[in-house]
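The values are calculated or read from the model by the stated rules, or taken from the named source; none is laboratory data. Predicted model, so just to flag it, every value in this text is computed and none were measured. Reconstructed Cβ throughout: ideal geometry from the backbone, glycine too, with neighbour counts over all protein chains shown.
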Amino acid sequence: MSDAAENPLGPDAPPAREHAGRAEQLDVADPLGALRDRFVLDDTVYLDGNSLGALPRAVPDRVADVIAREWGELRIRSWSESGWWTAPERIGDKIAPLIGAAPGRVVVGDSTSVNLFKAVVAGIRMAGKGCTEILVDATTFPTDGYIARSAARMTGLAVRPVEPARIGDEVTERTALALVNHVDYRTGRLNDLPGITAALHSAGALAVWDLCHSAGALPVGLDAHGVDLAVGCTYKYLNGGPGSPAYLYVRESLQERFDSPLPGWNSHAEPFGMDPDYAPADGIVRGRVGTPDILSLLALEAALVAWDGVTIEDVRAKSLALTDFFLDCVAAYAPQGRVRSVTPAEHQRRGSQVSLACADAGEVMAGLIRRGVVGDFRHPDVLRFGFTPLYTSFADAEQAAWVLGEVLRAQPEVEAGATGGRG
Ligand SMILES: *Cc1c(COP(=O)(O)O)cnc(C)c1O
């Protein structure tokens, strides 16, 4: 691209807002456009649904009913009469189609971090003797790495960080499992789940995937690709609310061998038998631990109603169209050379976010938020923009890029290494 001198009004003049009409056309033609009404939103351009999904309209009334009637009136009877006890499996079955799992393979409860611990330790126990190491995505979200190192320390194994693309070359017959992020939280890179899973299996190792940044944004295909264990959160693209419980997936043929490191009474074959000896329940129930957090769990169940009649393939198509369009708008509106996309250009390697490297990213994001465009900043130099196809419009993408251009023109880049105030 040529530099800003091409602008007939001079290098500091704003460019023409050339993509606004296209945004309007794309929104009119968008088959998912009407779904935005299923959410509580305002004029803010909200591009942080990959960190905290927006509030689905169905949630407040449902939560009020759970509190006033199920808890307030039925009290203890709700464990059976309101279906509280079986909610972890029931809601797991509602998430399952979004991640390509058949019923009975997903259970909801606890945080992602806790489920990572269950998955990694249970995976090491399944892998058996002779294994000396686990591999961990070298670019992982930090909590996955912390948990993996603790799990390895407890089981006497070593941890080897490996770039996801190198796992096929690095896995050996001594590798118990690899823990990999499906979409990289920082760059938005989509890792090759089918290929990496197959490479691990051909070396006799298990594949454990973290779906936090892919579930609800793109097809995952857990059953189809033979994934062994997976975890994910529900407050990002699944819109379950702050701290909503996470989920654990265990491949059907491994469930019988799933030996939980947190065998609480909720995973017992007879939880009310009050047996001092532990005997695991059959099936995915053995992924449970203790009493579920019912209020958050039932808020999540109501949030999932926003997916009624939606296919994840349509969501993926819109997600790619949104991120392509946003990148076009940024190229047209941002001053030349001020930001650089670190998100892969190829569709098959891109999740549902765009990450732009920018030297003064923290200040730029603060400027964006002040002007009503909410993305986030990841240390040290990344501007993250998440695109949630159920409620993000093409007009949002265009507006965000336009405001980004304004902020970048108003905040000239500080030279690398410069110190002191900026006036
Ligand atoms: C968001 C996220 C988490 C969050 O873990 P919590 O236990 O829910 O706080 C973990 N891993 C990845 C890859 C994430 O993106």
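So here's what we get for this one:
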quantity	calculated
Within the range 45-80, tally of residues that are hydroxyl-bearing (Ser, Thr, Tyr) and in the same structural domain as residue 141 (by TED's automatic domain parsing)	2
Residue within the range 271-280 that is within 16 Å of the ligand (Cβ to nearest atom) and either touching a Gly at 6+ places or on another chain (Cβ under 7 Å) or of a type in the set (Phe, Trp, Tyr) (or both) present	no
Test: residue 102 is buried (at least 24 other Cβ atoms within 10 Å of the Cβ), away from the ligand (no atom under 16 Å from the Cβ) and either farther than 20 Å from residue 167 by Cα or at pLDDT below 95 (or both)	no
Within the range 192-303, strands (runs of 3 or more DSSP E) holding 1 or more residues that are within 30 Å of residue 390 (Cβ to Cβ) and hydroxyl-bearing (Ser, Thr, Tyr)	247-250
Qualifying residue in the range 62-84 (condition: in contact with a Pro (Cβ under 9 Å, 6 or more places away or on another chain) and within 16 Å of the ligand (Cβ to nearest atom))	no
Selection from the range 205-224 of residues that are away from the ligand (no atom under 11 Å from the Cβ) and touching a residue at least 60 places away in the same chain (Cβ under 8 Å)	205, 206, 208, 216, 217, 218, 219, 220, 221, 222, 223, 224
Tally of residues being crowded, with 21+ Cβ neighbours inside 10 Å and among the aliphatic types (A, V, I, L, M) across the range 268-288	1
Enumerated helices (runs of 4 or more DSSP H) restricted to the range 112-190, each holding at least 3 residues that are within 16 Å of the ligand (Cβ to nearest atom), in the same structural domain as residue 235 (by TED's automatic domain parsing) and at pLDDT 95 or above	112-127, 142-155
Per-region count, the range 35-61, residues more than 30 Å from residue 370 (Cβ to Cβ) and either buried (at least 18 other Cβ atoms within 10 Å of the Cβ) or out of contact with any helix residue (DSSP H, G or I) (no Cβ under 9 Å at 6 or more places or on another chain) (or both)	1
Residue 337 touching a Leu at 6+ places or on another chain (Cβ under 7 Å) and small (Gly, Ala, Ser)	no
Criterion: surrounded by fewer than 24 Cβ atoms within 10 Å (Cβ to Cβ) and closer than 16 Å to residue 319 by Cβ - qualifying residue of 347, 379	347
Some residue of the range 243-258 being within 16 Å of the ligand (Cβ to nearest atom) and either over 24 Å from residue 177 (Cβ atoms) or at pLDDT below 95 (or both)	yes
Per-region count, the range 374-409, residues of a type in the set (Val, Ile, Thr) and under 12 Å from residue 329 (Cβ atoms)	1
Pairs, first assigned to a helix (DSSP H, G or I) in the range 80-103, second among the aliphatic types (A, V, I, L, M) and surrounded by fewer than 16 Cβ atoms within 10 Å (Cβ to Cβ), C-beta under 8 Å, six or more apart	81/74; 96/102
Which numbered condition residue 212 misses (of (1) surrounded by fewer than 17 Cβ atoms within 10 Å (Cβ to Cβ); (2) within 26 Å of residue 316 (Cα to Cα); (3) not acidic (Asp, Glu))	(1)
Any hit, the range 293-305, residues being more than 16 Å from the ligand (Cβ to nearest atom), among the small types (Gly, Ala, Ser) and closer than 19 Å to residue 105 by Cα	no
Given (1) buried (at least 16 other Cβ atoms within 10 Å of the Cβ); (2) in contact with an Asp or Glu (Cβ under 9 Å, 6 or more places away or on another chain); (3) farther than 29 Å from residue 184 by Cβ, number of the condition residue 74 does not satisfy	(1)
Conditions (1) buried (at least 24 other Cβ atoms within 10 Å of the Cβ); (2) under 13 Å from the mean Cα position of the chain (by Cα): number failed by residue 186	(1)
